[in-house]
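The values are calculated or read from the model by the stated rules, or taken from the named source; none is laboratory data. Just so you know, these numbers come straight off a predicted model, no measurement behind them. Here the Cβ positions follow ideal geometry from the backbone for every residue, glycine too, while neighbour counts run over all protein chains shown. Please note that ligands, DNA and RNA were not included when accessible areas were found on the heavy atoms of the full protein model with its side chains. Shrake-Rupley method; radii C 1.70, N 1.55, O 1.52, S 1.80 Å.
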Amino acid sequence: MADRILVIGGAGYIGSHVQKQLIEEGYDVIVYDNLSSGDEINILEKAKFIKGDILDEKSLNEAMSQNIKAVVHLAAKKAVGESMISPDIYAKNNLTGSINILNAMVNNNVKYIVFSSSAAVYGMPEYIPMDEKHPINPINYYGYTKRAIEENMEWFNKLGKLNYTALRYFNAVGYAFDGTIRGKERNPQNLMPIIMEAATGKRDGFSIFGNDYETRDGTCIRDYIHVTDLARAHSLALKKMFEENKSYKLNLGTGIGTSVKEIVDATEKVIGKKLKYTYAPRRSGDPAVLTAKADEAQKILGWKPVYTDIEEIISSVWNLEI
Ligand code: UDP
């Protein structure tokens, strides 16, 4: 019988792509999601769906009791700005919710977890590209919650309860190339979905936050990694843990830096029209450059990003928008 994986947050943007990857590899997938930002439309027919909240311990325990081999945990509040204004929401959802997941795993003897962590655990870069040895010093509450969850997984591991892989994503972009899902979310906050809303006329225009950074064109540089590449890393991490019974913390990025202006220019090229935007002041807490050194993921998981061409990545989004 196929191993059963509980994908918590599997109706969201990255989670739905992870769900798809695991189904394609023959796993038996259960999606657990409260649909607060994700959408039922993102859940594939082959997945079983449980509508549940990670704050509901009873429901979590029930889900976890169904002969689950491993958990992929992607359920979180993820708006950096909001986390600085309403830390209570992030404390409850991200911290308490994750502890509930770890406890439910222990109660039900589930031994493996892949956790969606973030480059936000590092804080302001002390050097670029950042490897996993970079100091962990989050500068926003969201990043702190990711760090705290990593630390809890470390402790549960030390106490012999489970193995974990924390995947520290850089900037996730793109949709599945085959068009089966796009992991659409309500109220997108990130650059690419905002640009797409402007491209499709759903919003008037958008702002580029800062054009006075010390970068080649004055705008921020990020490491944009295609969601399909991210999804593949989750299944590789599961496989690795099943084989080796060890735990890992790994960066997932391409190592390639792309500026906001370059993203905008590439989008205009892909969609064949000009976008309406203005330059706005810097967004607080934004480092000028953030790029990953992801050699560890390659060494340990044999993972390497396939989709590194930004125009190709943008096309994967645009093809589904039109
Ligand atoms: N950004 C922007 N305008 C927007 C949203 C984002 O200029 O409306 C910039 C932001 O300052 C950052 C980059 O785009 O340099 C990526 O931001 P996003 O919020 O997508 O991800 P983050 O880097 O914060 O994880």
**Message:** Please report the net charge: other residues with Cβ closer than 13 Å to the Cβ of TYR141, K and R +1, D and E -1.
**Reply:** +3
**Two-site FRET efficiency, LYS299 against GLU82, from Cβ-Cβ distance with R₀ of 35 Å, rounded to 0.05** = 0.45
**Complete:** Residue ranges of DSSP H helices in the chain that stretch 24 Å or more (Cα, own long axis) and have mean Kyte-Doolittle hydropathy of at least -0.5 are 227-244
**Request:** Express the carbon and sulfur contribution to the solvent-accessible surface of the chain as a percent, rounded to the nearest whole number, probe 1.4 angstrom.
**Result:** 48 percent
**Asked** Counting other Cβ atoms within 10 Å of each Cβ, which GluC sites (Glu not before Pro) in region 116-221 have at most 16 and sit in a DSSP loop?
**Response** GLU126, GLU214
**Charge context of GLU132, other residues only, Cβ under 12 angstrom, K/R +1, D/E -1** = +1
**Request:** With springs only between Cα atoms under 10 Å apart, run a GNM on the chain and tell me which of LYS20, LYS240, LYS274 wobbles the most.
**Result:** LYS274
**Asked** Suppose R0 equals 22 Å; then what is the FRET efficiency for GLU151 and ARG283 from their Cβ-Cβ distance, rounded to the nearest 0.05?
**Response** 0.20
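In region 34-80, which trypsin sites (Lys or Arg not before Pro) are in a loop and have at most 13 other Cβ atoms within 10 Å, using DSSP for the loop call?
Working: sites: LYS46, LYS48, LYS51, LYS58, LYS69, LYS77, LYS78; in loops: LYS46, LYS69, LYS77, LYS78.
Answer by residue number: LYS46.
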**Request:** Evaluate E = 1/(1 + (r/R0)^6) for VAL106 and GLU243, where r is the Cβ-Cβ distance and R0 equals 22 Å; express this FRET efficiency to the nearest 0.05.
**Result:** 0.50
**Request:** Can you work out the accessible area per residue across the chain, with the rest of the protein chains kept in place, probe 1.4 Å, in square angstrom?
**Result:** 44 Å²
**Request:** Find how much the distance from LYS202 to GLU126 grows on full extension, using 0.36 nm per residue of separation minus their present alpha carbon separation; answer in nm with one decimal.
**Result:** 23.5 nm
**region 28-78: GluC sites (Glu not before Pro) in DSSP coil with no more than 14 other Cβ atoms inside 10 Å** = GLU45
**Request:** In nm, give the distance between the simple-model label positions of ASP178 and LYS269, each being 7 Å from the Cα along the Cα-to-Cβ direction.
**Result:** 2.9 nm
